Amino acid sequence: MRDSLFHYEFTWAVADGDVGRVMEVLKVWLFTFAGSGSSKYTNELLELSAGFIYEFPEELQKAIMNNWLCNFSGNQGSWMPMDLMQEHHIRDLKDKSQHRDQDFEGEFFKKILSRNTRSFAQVRSTMNQALHLKDLSGRHGEAKHLSTRRKLLSTLEAQRIHVLVPGRDYGWKAQDDLMAGKQAMATKVSNFVKRPSSSHNSVTQLETSQNDETLEESNNGQNENEGLPIIAGAPPVVIDGQLVFDYEEEDAAFDQVYEEVHIN
């Protein structure tokens, strides 16, 4: 429950465009990743933390924080991560290449499509509005997930998940990754500091460290979702003080998301 609340706070902070709140959650996740065996994420956050604390000048810190999120619509509560924006653009380009049998290295893709990806994504919504076809968008309705949610709620109620039952034991106990990370952090930081060593055996040390991390992730059942496709879904938005998740767009224009969710 605690981890879910941290994730909810992170998601809300992103949608609200509050980078400060995002960074506060990242501080907690640094320990959570360390405790869960996700060494790659742990090292990424350690690198980021070291940069902000010891290396980055103030202007660079401001530049990084001001370029983590973007808001195409200008609507309050409609911010999204820059990397998710990039995934949307990549998806659109891949879709166009499949339909037009074009090469990514071609001049048309490099000089025309790639530079105007967002504008082309807006063409459909603009045409629909001009022809009064707005209701024919590709938005998924609530009914798609209603049956699954009903089954989930029924199971939760039958098993009394949210009811305190003295003596109840499921036969296993979930690891507290946050506390485990707190205990392991001293070792993690020590290994992290040793990684950029300039000594003659630094390469060997780095390879050994990477092998140890791979073994650790394997033992913990963690592989950082290696090989799984990246799904660029529509980002959550904050509307009227509520964080809204329940919508998906097949080919969403970013500045249309707020309006469609607000209407529905």
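The values are calculated or read from the model by the stated rules, or taken from the named source; none is laboratory data. Computed from a predicted model, the values in this text were never measured in an experiment. Glycine gets a Cβ as well: all are built from the backbone with ideal geometry, and neighbour counts include every protein chain shown.
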(message) Against the condition modelled with pLDDT under 85 and either within 21 Å of F245 (Cα to Cα) or in contact with a Pro (Cβ under 8 Å, 6 or more places away or on another chain) (or both), how does R139 come out, does it pass?
(response) yes
(request) Give just the number: which of (1) surrounded by 11 or more Cβ atoms within 10 Å (Cβ to Cβ); (2) over 26 Å from the mean Cα position of the chain (by Cα); (3) modelled with pLDDT of 65 or more does Q205 not satisfy? (result) (3)
(message) Of all residues being touching a helix residue (DSSP H, G or I) at 6+ places or on another chain (Cβ under 9 Å) and among the hydrophobic types (A, V, I, L, M, F, W, C) in segment 59-73, which is surrounded by the fewest Cβ atoms within 10 Å (Cβ to Cβ)? Just the residue, please.
(response) L60
(request) Please enumerate the residues belonging to segment 122-136 that are aliphatic (A, V, I, L, M) and at pLDDT 75 or above. (result) V123, M127, A130, L131
(request) Being surrounded by 10 or more Cβ atoms within 10 Å (Cβ to Cβ) and part of a loop (DSSP other than H, G, I, E, B) is the filter here, so list the residues in segment 155-180 that pass it. (result) Q159, R160, Q175, D176
(message) Name the residue that is farthest from the chain's Cα centre (by Cα), counting only residues in segment 157-189 that are of a type in the set (G, A, S) and modelled with pLDDT of 90 or more.
(response) A158
(message) I'd like the full set of residues that are small (G, A, S) and either at pLDDT 80 or above or touching a Cys at 6+ places or on another chain (Cβ under 8 Å) (or both), limited to segment 73-99.
(response) S73, G74, G77, S78
